[in-house]
Amino acid sequence: MRLGLDAAESARISLSAIMANKGRGALTALGIIIGIVAVITTMTAANGLANTFRESFSAVGTDVVYVSRMPWVMVNDFFLYRNRPRIDLEESEQLSVNLRGRAIVNPTINMNRPVKYRSNTVESAEIIGTTERQVMVSSVVPRDGRFLMPFDVQYRRFVCIIGDEIRDRLFGDTNPLDREIYIGRNVFRVIGVMPKQGGSAFGGPNFDLQVFVPVTTFEKLFGGRTAGRDVNIAVKAPTQEALADLEFEVIGEMRKIRKLRPAEKDNFSINKLDTLVDAYNNVMGVVLLVGLAVTGISLFVGGVGVMNIMFVSVTERTREIGIRKAIGARRRSILMQFIFEAGVICLFGGLVGILLAWLLTLLIDATLMPASISPGIILLALLISILVGVIAGIVPAYKGARQDPIEALRYE
Amino acid sequence: MSASREGAMAPAAGHSLAISDVVKTYVMGSTEVNALRGVSLNIGRNEYVAIMGPSGSGKSTLMNVIGCLDTPTSGTYLLEGQSVSELSDDELADIRNRQIGFVFQTFNLLPRANVLHNVELPLVYAGVPRAERRKRAEEAIARVGLGDRAHHKPNELSGGQRQRVAIARALVGNPSIILADEPTGNLDSKTGEEIMQMFDDLHAAGQTIILVTHEDNIAAHARRTIRLKDGLIESDVTTGVQVRAGHGAPGG
């Protein structure tokens, strides 16, 4: 009960003290405001980056493993991988046969080539040789027209499905279906248009700049294995849970296809979303660390500012401390009064900081990337600001609390 | 010239405070200053005492000891039968809160708090619940005739009114002793008289009052005058005569 009364009196007197020195309080809070803005912005940016990342690589699929010559993220030196044999379409076909009924297998080959329609050119379109099974792996289907059919692949037809940005830049408002475009020096007929997907952050692919052609046509024109281009084999598990088991089956089947002896190491790599997520987490860890270091420094500086002003406040009110002690205030009451005051200044800074960070987040959301403040972050920011206040207030408050009442009453 | 040294005797029951052989030595740099050099003093309930003496006589030190703001270097001090000479800071704060009502020369009100808040402050530190606190503070304010000023800030009041607020604050916790240090020192003589009248009334109502003053006409309100000199009691005279007419029968 007594603690509650102390708290009420502390609140009352510290608020009136702060109101009596509004400008000083506001300036002091500035340090905290900056710190809190830094806290929230760091967290929000980290969250936003994580979301953007997830979006960018959503096409990778959580239930797909990729068999490639190279790992996506190199953990060893490049020379360990460069002598590996390239993966070719026969191996993909073999894998598909071996995994029949257990997984969907789709080979792809990529390269960049300019695409042209009349006088319009897109310089760096990503040309992807693939099969009709592409849609089963990525589950993105054309917005207009159709995707590849087995006979397109079987007969090496010169047909393509274009991404939304390619369509926009080559055709504008014209309907692209059944028009003929140049990929390099070859003419392909547009049979489908993919929906707008976006994504290009973090070096992820820009889906809207992709052009799909039959992998067989691709191989015939641009060469598969011989031209130094790798085939990537996507293997899609029936469920996400089955992926882990499937990964080992794929390794086993690939070793069989390549006739590797037990002692030999894999001469291919298995890639999956987790590989990217791990790499991403490493990068984000550093980003967060730097952000938190900056935040910590600004909060420390802000806290020192608060401590400084609390020393001033305690000195100014020496006489008040004397009066309070004379009429019966214990040390703890005086201590609480000043800690409360420091806490309130910092809480005010925290609230303003949250407001500013919120505006900043809206700005980031509108310009850079999707971002939003979560209630957890707001709560954390409030806790941090109060904590900084309490810590910054302790030493000055203690100085006030142990004043000798006689000396304090004599203070002018 | 030591008259009626009651204090040398063992503290008797019924005494509000009993001080015996109190010595207070301050260390100032390399020199020791003996502010009190063996003071013994009993003050009974409902006494009206003036402590006088020139500056440097130890009067302020004695007041600080009596007011539990300071502890004696040696000697004993019983306040309401409780020894307070060896208490911790917080214990002394509790004693001041319950037993002592201070009235200072410079009023010492909290400038940002209104009259009501100033007066209820001792009760806040005593842990009295809000409603009761407010009721008792309002009673005390009414008792000093400032019922209509409860929500004014000290800087909106005259000096006399401020001192009344201080008296209300001293009264609100029902202390054993009201300890007034030059209560009229910052007031004009007319207002000073009004304040002294208030002390007279409080005494008549049964309150123990100790005045610390260097003015004879203020000390004349008291029934007993203790003069200090060089850290010792020089004289202790009980007049038993009420100087001002018409304020209750002489007690005794």
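The values are calculated or read from the model by the stated rules, or taken from the named source; none is laboratory data. This is a predicted model, so every value here is computed, not measured. We place every Cβ from the backbone using ideal geometry, glycine too, and count neighbours over all the protein chains shown. Please note that ligands, DNA and RNA were not included when accessible areas were found on the heavy atoms of the full protein model with its side chains. Shrake-Rupley method; radii C 1.70, N 1.55, O 1.52, S 1.80 Å.
Annotations
- When residue B:142 is tested against (1) of a type in the set (A, V, I, L, M, F, W, C); (2) more than 10 Å from chain A (Cβ to nearest Cβ); (3) assigned to a helix (DSSP H, G or I); (4) open to solvent by less than 20 Å² (accessible area, probe 1.4 Å), exactly one condition is not met: (4).
- Only one of B:173, B:206 that is touching a residue at least 24 places away in the same chain (Cβ under 8 Å) and within 20 Å of residue B:109 (Cα to Cα): B:173
- If you check A:331, A:324 for being within 14 Å of chain B (Cβ to nearest Cβ), at pLDDT 90 or above and surrounded by fewer than 24 Cβ atoms within 10 Å (Cβ to Cβ), only one passes: A:331.
- Residue tally, condition open to solvent by 10 Å² or more (accessible area, probe 1.4 Å) and facing another protein chain (nearest Cβ under 7 Å), over region B:109-121: 1
The rows are residues; the columns are (1) touching an Asp or Glu at 6+ places or on another chain (Cβ under 9 Å); (2) more than 21 Å from residue B:133 (Cα to Cα); (3) modelled with pLDDT under 90.
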{"position": "B:150", "(1), (2), (3)": "yes, no, no"}
{"position": "B:154", "(1), (2), (3)": "no, no, no"}
{"position": "B:159", "(1), (2), (3)": "yes, yes, no"}
{"position": "B:164", "(1), (2), (3)": "yes, no, no"}
{"position": "B:167", "(1), (2), (3)": "no, no, no"}
{"position": "B:172", "(1), (2), (3)": "yes, no, no"}
{"position": "B:182", "(1), (2), (3)": "yes, yes, no"}
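- 3 or more residues within 12 Å of the chain's Cα centre (by Cα) and within 30 Å of residue B:156 (Cα to Cα): qualifying strands (runs of 3 or more DSSP E) within region B:42-128: B:100-103
- Of the strands (runs of 3 or more DSSP E) contained entirely in region B:147-238, those carrying at least 3 residues that are at negative phi and more than 13 Å from the chain's Cα centre (by Cα) fall at B:224-229, B:232-238.
Yes/no per residue for (1) surrounded by 14 or more Cβ atoms within 10 Å (Cβ to Cβ); (2) at positive phi:
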| site | (1), (2) |
| --- | --- |
| A:71 | yes, no |
| A:75 | no, no |
| A:103 | yes, no |
| A:124 | no, no |
| A:127 | yes, no |
| A:133 | yes, no |
| A:139 | no, yes |
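- Condition met for residue A:153 (farther than 18 Å from residue A:222 by Cα and either assigned to a strand (DSSP E or B) or among the β-branched types (Val, Ile, Thr) (or both)): no
- Scoring residue A:50 on the criteria (1) crowded, with 20+ Cβ neighbours inside 10 Å; (2) assigned by TED's automatic domain parsing to the domain that holds residue A:357; (3) not hydroxyl-bearing (Ser, Thr, Tyr) leaves a single failure, condition (1).
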